[in-house]
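Each remark here refers to the structure printed beneath this line.
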Amino acid sequence: MDAPRDLPADLFGNGVLAAPMAGGPSRPELALAVGGAGGLGFLGGGLKTPQVLEDELRIMESRGGGRPFGVNLFVPATQEIDRDAVLAYRERLRPEAKAVGADMPEPRWADDDAYPAKLDLLLTHAPAVVSFTFGTPRWDAVEALKKAGSFVLQTVTGPEEAAVAAELGADALVVQHPDAGGHSGAFLGLPPFQGTLPELVAAVRAAVPLPLIAAGGIGTPDAAAAARDAGAAALQLGTAFLRTPEAGTNPVHRAALASTAFERTAPTRAFSGKWARGLENGFMLRFADAPSAYPVVHHLTAPLRAASVRAGSPERTSLWAGTAWREARDEPAAAVVHRFAR
Ligand SMILES: Cc1cc2nc3c(=O)[nH]c(=O)nc-3n(C[C@H](O)[C@H](O)[C@H](O)COP(=O)(O)O)c2cc1C
C-alpha cells in the first residue's frame, strides 16, 4: 500500500465530517456544533432555494468563528424520465395521499432549476469545502470553485465513478457504501458495490490517487478504524448525527430511529424515484417497484410525506437511515464527533 493520502488538516480538523443531509437534518446549528467540536460541519444545499441557502451561508459566516465548513449540492439529472410510468405511479399513490388527507400534485418534470443560482452563490461565498452528489458538475465549475478557494469533493460509489471524478479535477472523494442512509450518489448506473466499506475504500484507493473520505454504515469506533485502516483519510457520518439535538430531523423520523418497532433498513425508490436507504415501513413494502424518476416522484410524494409527519405517523414518510442506525444515540453532536475523531 502506498503512503496515506492526507486531507488538509486546516480544513478537515479531526477527520469527522457531518454528512450533508438535505430535507431538514442539516442546518446551521448542526454544522456549527460539529465545527466547534473540531470536525467539519456541512450544509445541505439540495432541495433548497438559493435564498434559503444564502441565509444559511450568512449564518455560518457570521457565527462560525471563521471555521471551515462544507456545502453540498445535488447535480441535476440528465436521465430521461418515463412519463407513462410516472403517471401510472401517480394513480397508485392517490389512495395513499387520500389516507392522510393530502393533495396529489401535478407532476413537475423539471429537475432543480435553481442549481445554477446555487452554484453561483458558492462561487461568491467560497465555502472551504464544496461537495457534489447524484452526478458530477461540469469541469469548468470545478475549476472555478477551486479558483475561488474551495476544496472540491465528489461523492462516488465505486472505482469507475472515482476515475470519472479524478479526471474532472476533484480534490478528494467521498466514497459512499450501499449501507449509507439516504440517497445513493451513484451516477453511472452500475450495480451497487458488493463487499464491505473497507473493501470499497481499498478498491477506490487502487483506482485513483486522491484522498478518500469513507461513508456508509459507520456506527462504531471500530467500523471507523476499519475504514481508516483501508486508507480513508476521514469519515463522513450521517445517521450518527440524526438524533442529536442540533439536527433538524423531524420528530417522526427521530422517534422512528429510537423505536424498536423497525427491524431493518432497505433501499427504496418509493419516495423519490431514486435509490435511498431508510427504515423499512409499509409504504416502502407497498411500492417496492416504484419507477426510476428522480425528482419527479420526490415532488409527487412530498405532500403525503408531509401529511404523514403532521399526523405523527412513520407509515408514509421517508425515514432515511443507514444500516448502523441502532448505534445512533440522543446525544450532542460534539459527543458524536469526539467518539469518532482520529
Ligand atoms: C437523512 C439523510 C439525508 C442525506 N442527504 C444527503 C445530501 O443532501 N447530500 C449528500 O451528499 N448525501 C446525503 N446523505 C448521505 C450522506 O452523505 C452519507 O453518505 C450517509 O449518511 C452515510 O451513511 P450513514 O448514514 O450510515 O452514516 C443523506 C443521508 C441521510 C441519512
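The values are calculated or read from the model by the stated rules, or taken from the named source; none is laboratory data. Please read all numbers here as calculations on a predicted model, not as lab measurements. Neighbour counts run over all protein chains shown; Cβ positions are idealised from the backbone, glycine included. Protein only, heavy atoms only, side chains kept; ligands, DNA and RNA dropped before computing areas. Shrake-Rupley method; radii C 1.70, N 1.55, O 1.52, S 1.80 Å.
Based on this model, can you work out whether Leu40 counts as within 18 Å of Val336 (Cβ to Cβ) and either open to solvent by 30 Å² or more (accessible area, probe 1.4 Å) or within 16 Å of the ligand (Cβ to nearest atom) (or both)? Criteria met by Leu40. Residue count for the stretch 143-168 under the criterion of being part of a loop (DSSP other than H, G, I, E, B) and either over 19 Å from Asp6 (Cα atoms) or under 21 Å from the mean Cα position of the chain (by Cα) (or both): the result is 3. Consider the stretch 169-184 and keep the residues that are farther than 18 Å from Gly15 by Cβ and surrounded by fewer than 24 Cβ atoms within 10 Å (Cβ to Cβ). The one that is nearest to the ligand (Cβ to nearest atom) is Asp179. A Cβ distance below 9 Å, combined with a sequence gap of six or more or placement on separate chains, defines the contacts here; from the stretch 237-250, residues that are assigned by TED's automatic domain parsing to the domain that holds Gly35 reach no residue that is basic (Lys, Arg) and surrounded by 24 or more Cβ atoms within 10 Å (Cβ to Cβ). Checked against the criteria, Ala162 does not count as in the same structural domain as Ala186 (by TED's automatic domain parsing) and open to solvent by 40 Å² or more (accessible area, probe 1.4 Å).
Within 13 Å of the ligand (Cβ to nearest atom), surrounded by fewer than 21 Cβ atoms within 10 Å (Cβ to Cβ) and either in a strand (DSSP E or B) or modelled with pLDDT of 95 or more (or both): does that describe Gly195? Reasoning before the result, please.
Values: within 13 Å of the ligand (Cβ to nearest atom): no; surrounded by fewer than 21 Cβ atoms within 10 Å (Cβ to Cβ): yes; either in a strand (DSSP E or B) or modelled with pLDDT of 95 or more (or both): yes.
No: the conditions fail for Gly195.
Report yes if Val52 is within 16 Å of the ligand (Cβ to nearest atom), open to solvent by less than 10 Å² (accessible area, probe 1.4 Å) and β-branched (Val, Ile, Thr), otherwise no. So Val52 does not fit the description; no. When Leu7 is tested against (1) open to solvent by 30 Å² or more (accessible area, probe 1.4 Å); (2) assigned to a loop (DSSP other than H, G, I, E, B); (3) more than 16 Å from the ligand (Cβ to nearest atom), just one condition goes unmet, and that condition is (1).
Identify, from the list Arg58, Arg94, the residue that is outside the structural domain of Ala335 (by TED's automatic domain parsing), more than 16 Å from Gly238 (Cα to Cα) and not in a loop (DSSP other than H, G, I, E, B). Matching residue, one of Arg58, Arg94: Arg94. Of all positions in the stretch 16-25, none carries a residue that is away from the ligand (no atom under 12 Å from the Cβ) and open to solvent by 30 Å² or more (accessible area, probe 1.4 Å).
Among the criteria (1) of a type outside the set (Asp, Glu); (2) open to solvent by 40 Å² or more (accessible area, probe 1.4 Å); (3) more than 14 Å from the ligand (Cβ to nearest atom), the one Pro221 does not fulfil is (3).
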